[in-house]
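Throughout, read-outs are computed from the coordinates displayed, never taken from laboratory work. Keep in mind it's a predicted model, so treat the numbers as computed, not measured. Glycine gets a Cβ as well: all are built from the backbone with ideal geometry, and neighbour counts include every protein chain shown.
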Amino acid sequence: MSAPSDVAHPLLLISNSVSKHLTTALDLVESVRVERGVPPKVPDINHEIIIISNINKDLVLPGMMKSIKKKVSDGAALIVVAQPELTYIDFAACYLSREETWEALSS
């Protein structure tokens, strides 16, 4: 049998306007330690879980997306919350190629 870990997993919430519902939900989860980034100022991305919610596409720096891709390729989880104009945000730097996906899964 396994038991829940006492260690809080680092979670990065990147948002220009955080939903009260999302923050309340995250506050109730004891197994995560939430850090917040407000584009264009985002802390070093070294978290196990990354959530992107309500971001202003004009404030997203290309380096942020590259850092997210690196963490995802290393096994981090990326959650993108639906928002208006989501399709206008350039997530291309976050995508893993098919080869990168297989490499990440096999390691």
Rounded to whole Hz and in sequence order, give me ³J(HN,Hα) for the range 6-17 from the Karplus expression 6.51 cos²θ - 1.76 cosθ + 1.60, θ = phi - 60°, writing x for Gly and Pro. 7, 7, 7, 7, x, 10, 10, 9, 9, 7, 8, 8
How far apart, in nm, are two points set 7 Å out from the Cα along the Cα-to-Cβ line at residue 23 and at residue 44? 2.6 nm
Using the alpha carbon gyration tensor of the range 9-106, what are the three equivalent-ellipsoid semi-axes (square root of 5 times each eigenvalue), largest first, in whole Å? 21, 18, 12
For a quick check of your reading of the filter: which GluC sites (Glu not before Pro) in the range 14-89 sit in a DSSP loop and have no more than 12 other Cβ atoms within 10 Å? 30, 85
About the Cα centre of the range 9-106, what is the dipole size in debye to 20, counting +1 per Lys and Arg Cβ and -1 per Asp and Glu Cβ, all else neutral? 180 debye
Residue-wise, which Karplus ³J(HN,Hα) couplings in Hz belong to the range 52-61, taking 6.51 cos²θ - 1.76 cosθ + 1.60, θ = phi - 60°, and x for glycine or proline? 10, 8, 6, 9, 8, 4, 6, 9, 7, 8
